[in-house]
Each structure stands twice: as structure tokens, then as C-alpha cells.
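Q: Before I ask anything, let me first share the structure, which is written out below as C-alpha cells.
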Amino acid sequence: MAAGGLGTCCWSTLSYTSHFQVRTSSLVVKAPRGRLVTGKPFGRSFVIKAEVKYVNGEEAKQLVAVEGYSVVDVRDRSQFDRAHIKSCYHVPLFIENKDNDIGTIIKRTLHNNFSGLFYGLPFTKPNPEFVQTVKSQLPPDSKVLIVCQEGLRSAAAADKLDRAGFENIACITSGLQSVKPGTFESVGSTELQDAGKAGLVTVQGDISRVLGAILVCAFLFITFFPDLAEKILGLIPV
């Protein structure tokens with residue numbers, strides 16, 4: 001028996017009485033992108049869940065420019081301030097953890113001395129208002145492109161919104177770090193793909209580049225001016 005062209009109804013007899021038989025039905029629905037979902041018996045509610053789209057930077061640009069997707073940035077405030085897509089919504093999946101119980105203080109101290117120092121990452125905790133905040137700005141039938149720096153937080157956020165009833169969700173595979181400069185109009189002091197770089201890692205990177213340049217120059221000097229280089233090396237005390 002057809003069900004509006006979307007699926008089929010499977011009837012099963014549960015029990016009989018002397019005058020009639022009691023039946024229940026189960027609906028199998030083909031979701032918009034080909035995923036089969038089995039519903040609960042009629043008379044009870046069931047949810048049709050669509051698959052999350054994973055796209056690259058250029059495809060994401062088309063979703064926003066052509067299909068009208070709204071961008072939701074789920075990164076922390078520090079990365080968002082360094083660079084973000086213009087006119088996006090900022091709803092962090094994790095927020096800074098300022099709790100002052102002894103366990104949190106110890107964890108925050110360890111974090112600040114390692115991850116915070118080297119990578120410039122704040123000590124965070126899950127944002128308990130994430131779904132509600134997104135819903136307050138975008139209705140569940142909205143087309144939503146979720147972005148983060150590496151792609152992990154956006155995938156987790158997509159799962160939360162999917163469970164909350166959002167059906168048109170997309171994420172950028174590998175996050176904003178994989179987006180080429182100029183793909184989106186951005187706001188901030190750096191490019192989108194560099195917004196995750198902070199802390200001593202960036203200082204180490206600068207030092208490495210300077211040392212590399214010095215070594216290249218030294219190599220070229222020795223190659224083209226070997227006699228002069230030999231004289232200079234002879235002046236260095238051993």
C-alpha cells in the first residue's frame with residue numbers, strides 16, 4: 001500500500017477478538033537524501049532525520065550564495081575574533097569554564113600551563129544553551145551551514161541540531177582551516193584558515209622561518225663566495 005509516494009505501510013496483526021482484529025502499522029519513509037527511516041506505529045510520533053551534508057569550501061560558498069544557507073560559527077570567542085565569515089551567527093559549542101571548584105581550578109591550571117600556553121586555547125566546557133540559542137535565532141526549517149576551525153566541533157554541533165529537529169544541515173569537511181583565502185568575505189585580523197593559530201606555536205613558527213632564512217642565506221654565501229666564507233670561518237675561535 002503506497003504512502004503518499006514516500007514509502008510503504010507494513011501491516012501486522014497483533015491480536016484478535018471475537019468480532020474484530022486489532023492491527024498496528026509501521027511506516028518506512030525514504031528521507032530527502034536517500035536514507036530509509038522506519039517510523040513507530042501510527043498513533044505515536046516519529047521523527048524523520050535527514051543526513052548532514054559534508055562539503056568543501058567552494059561547495060559551502062554555493063550553499064550560502066545560491067541556496068540561502070545561514071552560517072553558524074561554533075568556535076570559541078578567541079578564534080571567532082581572529083577571523084570569521086561576515087554576517088554569520090556566532091553560537092559557541094564550548095564556552096570558557098570559569099567555575100571555581102577545586103577540581104576545575106586544578107584542571108584549568110594544568111590546561112593554561114600546557115595547551116593554553118602553546119596553542120592559545122581557552123579552558124572550556126560544553127555550552128548548555130547551545131541548541132536553545134540557535135533555535136532563538138533560526139527556526140528548525142532553516143538551511144544551516146555549521147563551521148568551526150578543524151571540522152570536529154561542527155560535526156558535534158550538527159548532531160545536536162539534527163536531534164533538535166533541524167533537517168537542512170551542512171558542515172565544511174576539515175573546517176575553516178581548509179578554506180582557501182577569498183572563498184568567503186571575512187572579518188578579522190587574519191585569514192579564516194589561520195584563525196586557529198595562537199600561543200607559542202606561532203612564535204615557534206616565526207623562529208623556524210627566521211632560522212630557515214638564515215641557513216639558506218649562509219648556504220648561498222658559502223656556495224658563491226667560498227674563499228670569503230673560509231676567511232670568515234677562520235676568524236671564529238674553536
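The values are calculated or read from the model by the stated rules, or taken from the named source; none is laboratory data. These figures come from a predicted structure and were not determined experimentally. Glycine gets a Cβ as well: all are built from the backbone with ideal geometry, and neighbour counts include every protein chain shown. Surface areas here come from the heavy atoms of the whole protein model, side chains and all, with no ligands, DNA or RNA. Shrake-Rupley method; radii C 1.70, N 1.55, O 1.52, S 1.80 Å.
Q: Where residues in segment 152-169 are closer than 14 Å to V72 by Cβ and assigned to a loop (DSSP other than H, G, I, E, B), which of them is most open to solvent (accessible area, probe 1.4 Å)?
A: Once the filter is applied, the top-ranked residue is A164.
Q: Continuing with the same structure: Restricting to segment 55-79, and then to whatever is open to solvent by 20 Å² or more (accessible area, probe 1.4 Å) and in a helix (DSSP H, G or I), can you tell me which residue is farthest from G175 (Cα to Cα)?
A: A65
Q: Specify which of the listed residues (G196, G182) is outside any helix (DSSP H, G or I), surrounded by 20 or more Cβ atoms within 10 Å (Cβ to Cβ) and at pLDDT below 95. Outline the logic, then answer.
A: Working: G182 fails: surrounded by 20 or more Cβ atoms within 10 Å (Cβ to Cβ).
Going through G196, G182 in turn, the sole match is G196.
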